[in-house]
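Structure first, then comments.
Values in this text are rule-based calculations from the coordinates and carry no lab data. Just so it is clear, the structure is predicted and the values come from calculations on it, not from any experiment. All Cβ positions, glycine included, derive from the backbone under ideal geometry; neighbour counts span all protein chains shown.
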Amino acid sequence: MIGNGYWSNGITVRYSDGRWSASVAYYDDGFVNDTADDGTVSTEGTLHTRYFLRDGKTADALTVAIDTVKADAERLGISWNTPGIGPFVYMDGDGENGGRDVPDNWRELVDEQARRLGWERLYSQTPAE
């Protein structure tokens, strides 16, 4: 790892057949400066829910998926700092979900999650509060 820890610019959510999943891509501070001679090697990774979740009787699957990967990322020391922007909640493929159906109101659902977390809203047509 290059630097003192890992960072991420947000959480990506996916939708399939009425179910939600979430993931966090994270990175170290390296950028095109790897060298074998001194062992300077940049690393990255992805943390994600293992399965797609359906809404429960009392819990919203989208909220639970996001909160789970966010909490696990923070337990692993991943920070949410992208200089000057974000973090964001992203919809995989920006709603172009490989031929799978996505909810008609996916933009509002995703932006509501970002608002709930206090993060920047990526898909909203109105300024953040």
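Taking the DSSP beta bridges in the chain as the whole, what percent of them are antiparallel, to the nearest 5?
Percent antiparallel among DSSP bridges in the chain is about 75.
Taking DSSP loops as anything outside H, G, I, E and B, show the longest stretch in the chain free of chymotrypsin sites (Phe, Trp or Tyr not before Pro) there with at most 16 other beta carbons within 10 Å. Write down the numbers at each step before the final one.
Values: sites that count: 31, 51, 52.
The reported range is 53-129.
Towards the positive end of the charge dipole of the range 1-100, with charges on Cβ (+1 Lys, Arg; -1 Asp, Glu), say which of 62, 45, 73 has the farthest Cα.
62
Extending each Cα 7 Å along its Cβ direction at residue 38 and residue 81, get the distance between those two points in nm, one decimal.
With each label point 7 Å from Cα toward Cβ, the separation is 2.3 nm.
For the chain, the longest stretch holding no trypsin sites (Lys or Arg not before Pro) located in a DSSP loop with at most 14 other Cβ atoms within 10 Å is which?
1-49
Using 0.36 nm per residue of separation minus the Cα-Cα distance, give me the extension gain between residue 4 and residue 104 in nm, one decimal.
In short, 31.9 nm is gained.
Over the chain, with a Gaussian network built from C-alpha contacts below 10 Å, which listed residue (21, 42, 79) shows the highest mean-square fluctuation?
Fluctuation is largest for 42.
Given the options 104, 92, 67, which has the most mean-square fluctuation in a GNM of the chain, springs set between C-alpha atoms less than 10 angstrom apart?
Per the Cα network of the chain with a 10 Å cutoff, 104 tops the list.
(i) 21, 17, 13; (ii) 27, 17, 17; (iii) 29, 16, 14: which one is semi-axes √(5λ) of the Cα gyration tensor in Å as calculated from this entry?
After the calculation, the listed value that fits is (iii).
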